[in-house]
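K.L.:
Mind looking over this structure? Questions follow.
The values are calculated or read from the model by the stated rules, or taken from the named source; none is laboratory data. This one's a predicted model, so the numbers in the text were calculated from it and none came from an experiment. Counting neighbours? That spans all protein chains shown, and the Cβs are built from the backbone with ideal geometry, glycine included.
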Amino acid sequence: MGRYIKFLVRCGLSFLFVIWLTGKIGYASLSTAPAGMNQLDKVFTLPSTFANGITNSASIKKATNAAAPNTEAIEITNGANQLGGFWSNETNKLDLAKDATFKMWLYLGSKSTVGDGIAFVMHNDPNGVKAASTFTNKNIIGETLGVWAVDDDNQRASSTTLAKTAIQNSWALEFDNNSNNSTTYNAAGSGNSFDVGLDSQHLTSGYPGLASQYTAVKVNLLLLSRYYFKQKHESAQTITGLNLTDGNWHQLTLEWKASNKTMTFDYDKTWKQTEYVDTAKLNSTDGKVYWGFTGANGNNAGNNYVVFESLPNMVDANANAKVTDTTKGTEIASGDKIKAKDHLKYEYTLKYNGGQQDWSNIKAVLKLPNHVTFNTANVTYSDGMTQTVDIKDINDGQLSFSLNESLSLSNAEATITLEGSADDVETNSDTTETASTFKGDNYETTATTPNYTITMAKSLELSVTNGLSQTISKGDNASISGEIKGTDAEQLNNDNVTVYGILNDTDLDAIKPIVDEGSSTGTFLVNLSADQLKLGENIITLYAKDGEDNASEKVTVKITVTGELSFGSVATTSYFQTVHLTGKTQTVGRGDGWVLSILDERGTGSGWQLAAKTEGFTDKQGVRVRGNLIYKNQDSRVVINNSDTVIDSHKSNSNSDSYNVVSNWGDDSGLLFETNAGAIPGTYKGIIVWTLSDAPE
């Protein structure tokens, strides 16, 4: 009796030890969980029971790792004889017509607690969020992983009948901790043969609900026969030799490419493979499918967890980076060159486009360029709020900080701005391309800044050798000669330096200076044709620049083009009106043909005077008309005789001033003829001589 009691005590102690060990390992996996999303109950459905009537073992747990705050994990199984799983809710279904990326971490157990494994599944099963493998006697078979068919009848030979026990209209990617490869008569129908031909933990994919996925194998014992089923594991779709249950978390990235219907899975950034998925086999009428994970343990017991980093449809956002040389006012592209000490601005713009959740708890990890020193950093939000970032937190070329605000439809943008300047490098130096990360609870993206070259500062001098001011006549050409001095011969040779000119705000053709081999000095000549120059003042700005963006100071040359003072239009014949003599003094007005204008091209402010004289008017017999040519205005009346009499003056108000003399005369002003009482009827002719003089008004 004592021996019997002693035996029971030992069993009890052993049982308690196993329970404690299992719980401890589950706790340990949560305590080392990586950072990830939370609020998973808003994204996934965890049915209490599946359509097969089996209770769902899956549940949402909080990670206990202090380095992963606000992180939730979904535990799929944690013991023997369990079936667990979760599915996307209706709003989070995968749209097969759109690209999608899933980033997550998997915990598949440890060496001492190995479950059967889990599977990522896309499906359009009629049971929706209650879909799982169908166990007719509720005896859970681990090799199904909750998605594959249930091989529990050793007399079943039809793969079509078998396939109906799997999740229908589905594609699965399994993470199989056990190789189910039994081929014996006794093992037939016990659900332990799907992996015949494989002898290690593995990843593989297929269509659980298709009969073609399974092959029936008949085994005999004397006159008796039984059947087991193995899966068709295509070598191109299977990765073997893995250690899935090493007690570590493993990173998994899934990328769905809608255009070519492929799923690429990257496991631990070590095993990467792309699979074609025949979406027609998913039988979706609206192009959308449920997705999620299932897992099942038979006699094996072990914890399986999933932590999600980012999911499609949660957040639609993007980030881009822009670098500006504010000294020049130009955006910098990859391969560009800028000067040492140029002022620079780095802008990272985060934009929220939509999604099921706000983009929250965003941490920016900015990888900063080499050879740039920053002095300010801030964040501007579209709601008007700002945030100052301490630039002293830059460490080893990296600035990390958390954004104060989440991004949403009502606060859709955040712009991170860093300002600084290029270092005064001693040799030409590349900044290197940098990729910065912006990671929130539910979404992560990156932005890349270009690699460009900061060139060392070299002096470059330009001087004009034939004067900074010239005066030429209208119609003459002009030239400007000058000299270029560089830091060394290399700077000026190999067509490295160019002289640029701007004439009256118009760019001139670039000029290559003449440089003797090995010399650090060169000469240049700028030729300007007469038709390039305007009357009056012309401003030419010259500067030199080398291939590494070193530039000289700008030099200004003034060329003044002087024009002429001349008559514009002058009538060759003009008339006074015909008058009927009355025996009294009469004033005769002008008739047709009076044209007189003056063109002054000497520049604004120049003045002139116009004088007139005449020897008088005579008839054919040479008889002089009795009367006088007069000039009359509102202030005076002047007789025009054979001496120059000033009748008008003007100061130009432009570089090319045209003045119409006659237009200022009225009917009773300007040049008129005055007959006296003794005038004799007849036709009289005379010459008026106009004299234009360069004189002040």
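K.L.:
Looking at 380, 449, 437, which is the one that is within 30 Å of residue 41 (Cα to Cα), surrounded by 15 or more Cβ atoms within 10 Å (Cβ to Cβ) and not small (Gly, Ala, Ser)? Write out each step before concluding.
P.N.:
Values: 380 fails: within 30 Å of residue 41 (Cα to Cα); 449 fails: within 30 Å of residue 41 (Cα to Cα).
Answer to the check: 437.
K.L.:
May I ask you to say which residue of 164, 130 is surrounded by fewer than 20 Cβ atoms within 10 Å (Cβ to Cβ), assigned by the TED database to the domain that holds residue 248 and within 21 Å of residue 44 (Cβ to Cβ)? Let's see the steps before the verdict.
P.N.:
Working: 164 fails: within 21 Å of residue 44 (Cβ to Cβ).
Checking each option against the conditions leaves just 130.
K.L.:
Then there is this: Could you tell me which residue of segment 421-454 is nearest to the chain's Cα centre (by Cα), considering only residues that are in a strand (DSSP E or B) and among the acidic types (Asp, Glu)? Quick ask: steps written out before the conclusion?
P.N.:
Applying the first criterion (in a strand (DSSP E or B)) to segment 421-454 yields 421-422, 429-430, 434-439, 444-449, 453-454.
Adding the requirement that they be among the acidic types (Asp, Glu) leaves 430, 444.
Details: 430: 21, 444: 17 Å.
The extreme case among them is 444.
K.L.:
Looking at this structure, is residue 109 on the phi > 0 side of the Ramachandran plot, touching a residue at least 12 places away in the same chain (Cβ under 8 Å), touching an Asp or Glu at 6+ places or on another chain (Cβ under 7 Å) and buried (at least 20 other Cβ atoms within 10 Å of the Cβ)? It would help to see each step written out before you state the result.
P.N.:
On the way: on the phi > 0 side of the Ramachandran plot: yes; touching a residue at least 12 places away in the same chain (Cβ under 8 Å): yes; touching an Asp or Glu at 6+ places or on another chain (Cβ under 7 Å): no; buried (at least 20 other Cβ atoms within 10 Å of the Cβ): yes.
Taking the combined requirement at face value, the residue does not satisfy it.
K.L.:
Here is a follow-up. Of these, 581, 599, which one is part of a loop (DSSP other than H, G, I, E, B) and outside the structural domain of residue 338 (by the TED database)? If you could, list the steps in order and put the result at the bottom.
P.N.:
On the way: 599 fails: part of a loop (DSSP other than H, G, I, E, B).
Result of the check over 581, 599: 581.
K.L.:
Being within 60 Å of the chain's Cα centre (by Cα), closer than 30 Å to residue 605 by Cα and assigned to a loop (DSSP other than H, G, I, E, B), is that true of even one residue in segment 559-573?
P.N.:
Looking for residues that are within 60 Å of the chain's Cα centre (by Cα), closer than 30 Å to residue 605 by Cα and assigned to a loop (DSSP other than H, G, I, E, B), one finds at least one in segment 559-573, hence yes.
K.L.:
Follow-up. State yes or no: is residue 323 out of contact with any Gly (no Cβ under 8 Å at 6 or more places or on another chain), closer than 30 Å to residue 84 by Cβ and modelled with pLDDT of 95 or more?
P.N.:
On the way: out of contact with any Gly (no Cβ under 8 Å at 6 or more places or on another chain): yes; closer than 30 Å to residue 84 by Cβ: no; modelled with pLDDT of 95 or more: yes.
The answer is no for residue 323.
K.L.:
Considering segment 513-560 alone, what residues qualify as being in contact with a strand residue (DSSP E or B) (Cβ under 7 Å, 6 or more places away or on another chain), over 16 Å from residue 487 (Cβ atoms) and modelled with pLDDT under 90?
P.N.:
Result: 514, 535, 536.
K.L.:
Taking the residues in segment 335-350 that are under 19 Å from residue 316 (Cβ atoms) and in contact with a Leu (Cβ under 8 Å, 6 or more places away or on another chain) as candidates, determine which candidate is surrounded by the most Cβ atoms within 10 Å (Cβ to Cβ).
P.N.:
Let us first name the residues in segment 335-350 that are under 19 Å from residue 316 (Cβ atoms), namely 348-350.
Still in the running and in contact with a Leu (Cβ under 8 Å, 6 or more places away or on another chain): 348, 350.
Numbers: 348: 20, 350: 24.
Among residues in segment 335-350 that are under 19 Å from residue 316 (Cβ atoms) and in contact with a Leu (Cβ under 8 Å, 6 or more places away or on another chain), the one surrounded by the most Cβ atoms within 10 Å (Cβ to Cβ) is 350.
K.L.:
Looking at segment 382-398, I want the residues that are farther than 22 Å from residue 371 by Cβ and have a partner that is assigned to a strand (DSSP E or B) and of a type in the set (D, E, K, R) with Cβ atoms under 7 Å, at least 6 apart or on another chain. Which pairs are those?
P.N.:
Pairs found: 382/413.
K.L.:
Only one residue in 333, 301, 321 is farther than 30 Å from residue 111 by Cβ and either free of Cβ contacts under 8 Å to residues at least 60 places away in the same chain or in a loop (DSSP other than H, G, I, E, B) (or both), so which one is that? So that I can check it myself, show each step before the final result.
P.N.:
Values: 301 fails: farther than 30 Å from residue 111 by Cβ; 321 fails: either free of Cβ contacts under 8 Å to residues at least 60 places away in the same chain or in a loop (DSSP other than H, G, I, E, B) (or both).
Only one candidate qualifies: 333.
K.L.:
Could you run through segment 578-608 and say how many residues are surrounded by 12 or more Cβ atoms within 10 Å (Cβ to Cβ), out of contact with any helix residue (DSSP H, G or I) (no Cβ under 8 Å at 6 or more places or on another chain) and more than 20 Å from residue 655 (Cβ to Cβ)?
P.N.:
Going through segment 578-608 one residue at a time, the tally reaches 8.
K.L.:
What tally of residues in segment 385-420 results from selecting those that are among the aliphatic types (A, V, I, L, M) and assigned to a strand (DSSP E or B)? Write out each step before concluding.
P.N.:
If we filter segment 385-420 for residues that are among the aliphatic types (A, V, I, L, M), which is where we start, we get 385, 389, 391, 394, 399, 403, 407, 409, 412, 414, 416, 418.
Remaining after also requiring assigned to a strand (DSSP E or B): 399, 407, 414, 416, 418.
Looking only at that region, the number is 5.
K.L.:
Can you spot a residue in segment 392-404 that is crowded, with 17+ Cβ neighbours inside 10 Å, at pLDDT 95 or above and among the hydroxyl-bearing types (Ser, Thr, Tyr)? Spell out how you get there, then give the answer.
P.N.:
First, the residues of segment 392-404 that are crowded, with 17+ Cβ neighbours inside 10 Å: 394, 399, 401, 403.
Subset that is at pLDDT 95 or above: 394, 399, 401, 403.
Those left that are additionally among the hydroxyl-bearing types (Ser, Thr, Tyr): none.
There is no residue in segment 392-404 that is crowded, with 17+ Cβ neighbours inside 10 Å, at pLDDT 95 or above and among the hydroxyl-bearing types (Ser, Thr, Tyr).
K.L.:
Do you know which residues across segment 584-639 are touching a Leu at 6+ places or on another chain (Cβ under 7 Å) and among the basic types (Lys, Arg)?
P.N.:
Correct list: 590, 602, 632.
K.L.:
Which residue, of 145, 221, is of a type in the set (A, V, I, L, M, F, W, C) and either without any contact (Cβ under 8 Å) to a residue 60 or more places away in the chain or over 20 Å from residue 88 (Cα atoms) (or both)?
P.N.:
Details: 145 fails: either without any contact (Cβ under 8 Å) to a residue 60 or more places away in the chain or over 20 Å from residue 88 (Cα atoms) (or both).
It is 221.
K.L.:
For residue 531, which of the numbered conditions (1) surrounded by 12 or more Cβ atoms within 10 Å (Cβ to Cβ); (2) not in a loop (DSSP other than H, G, I, E, B) fails to hold?
P.N.:
(1)
K.L.:
Something else now. Within segment 405-419, can one find any residue that is in contact (Cβ under 8 Å) with a residue 60 or more places away in the chain and in contact with a helix residue (DSSP H, G or I) (Cβ under 9 Å, 6 or more places away or on another chain)?
P.N.:
Looking only at segment 405-419, we keep the residues that are in contact (Cβ under 8 Å) with a residue 60 or more places away in the chain, and these are 407, 412-419.
Then keep just the ones that are in contact with a helix residue (DSSP H, G or I) (Cβ under 9 Å, 6 or more places away or on another chain); that gives 418.
There is at least one residue in segment 405-419 that is in contact (Cβ under 8 Å) with a residue 60 or more places away in the chain and in contact with a helix residue (DSSP H, G or I) (Cβ under 9 Å, 6 or more places away or on another chain).
K.L.:
Being part of a strand (DSSP E or B), crowded, with 18+ Cβ neighbours inside 10 Å and not hydrophobic (A, V, I, L, M, F, W, C) is the filter here; which residues of segment 511-528 pass it?
P.N.:
Scanning segment 511-528 gives a single hit, 522.
K.L.:
Which one is nearest to the chain's Cα centre (by Cα), of the residues in segment 663-676 that are of a type outside the set (S, T, N, Q) and either farther than 17 Å from residue 637 by Cα or surrounded by fewer than 13 Cβ atoms within 10 Å (Cβ to Cβ) (or both)?
P.N.:
666
K.L.:
Another one. Answer with yes or no whether residue 483 is in a loop (DSSP other than H, G, I, E, B) and closer than 30 Å to residue 426 by Cβ. If you could, list the steps in order and put the result at the bottom.
P.N.:
On the way: in a loop (DSSP other than H, G, I, E, B): no; closer than 30 Å to residue 426 by Cβ: yes.
Answer is no for this residue.
K.L.:
Specify the residue that is modelled with the highest pLDDT; the eligible residues are those in segment 354-391 that are farther than 23 Å from residue 454 by Cβ and among the aromatic types (Phe, Trp, Tyr).
P.N.:
Going through segment 354-391, the residues farther than 23 Å from residue 454 by Cβ turn out to be 354-365, 378-390.
Checking which are among the aromatic types (Phe, Trp, Tyr) leaves us with 359, 381.
On the way: 359: 93, 381: 99.
Out of the qualifying residues, it is 381.
K.L.:
Another question, if that's okay. On the given criteria, is residue 148 under 50 Å from the mean Cα position of the chain (by Cα), at pLDDT 95 or above, closer than 19 Å to residue 44 by Cα and surrounded by 18 or more Cβ atoms within 10 Å (Cβ to Cβ)?
P.N.:
Working: under 50 Å from the mean Cα position of the chain (by Cα): yes; at pLDDT 95 or above: yes; closer than 19 Å to residue 44 by Cα: no; surrounded by 18 or more Cβ atoms within 10 Å (Cβ to Cβ): yes.
For residue 148, the condition - under 50 Å from the mean Cα position of the chain (by Cα), at pLDDT 95 or above, closer than 19 Å to residue 44 by Cα and surrounded by 18 or more Cβ atoms within 10 Å (Cβ to Cβ) - is not met.
K.L.:
Scanning for something out of contact with any helix residue (DSSP H, G or I) (no Cβ under 8 Å at 6 or more places or on another chain), assigned to a loop (DSSP other than H, G, I, E, B), farther than 27 Å from residue 421 by Cα and at pLDDT 90 or above, does segment 486-493 turn up at least one residue? If you could, list the steps in order and put the result at the bottom.
P.N.:
To start, the set of residues in segment 486-493 that are out of contact with any helix residue (DSSP H, G or I) (no Cβ under 8 Å at 6 or more places or on another chain) comprises 487-493.
If we keep only those that are assigned to a loop (DSSP other than H, G, I, E, B) too, we end up with 487-488, 493.
Adding the requirement that they be farther than 27 Å from residue 421 by Cα leaves 493.
After this cut, where a residue has to be at pLDDT 90 or above as well, the list is none.
Checking segment 486-493: not a single residue is out of contact with any helix residue (DSSP H, G or I) (no Cβ under 8 Å at 6 or more places or on another chain), assigned to a loop (DSSP other than H, G, I, E, B), farther than 27 Å from residue 421 by Cα and at pLDDT 90 or above.
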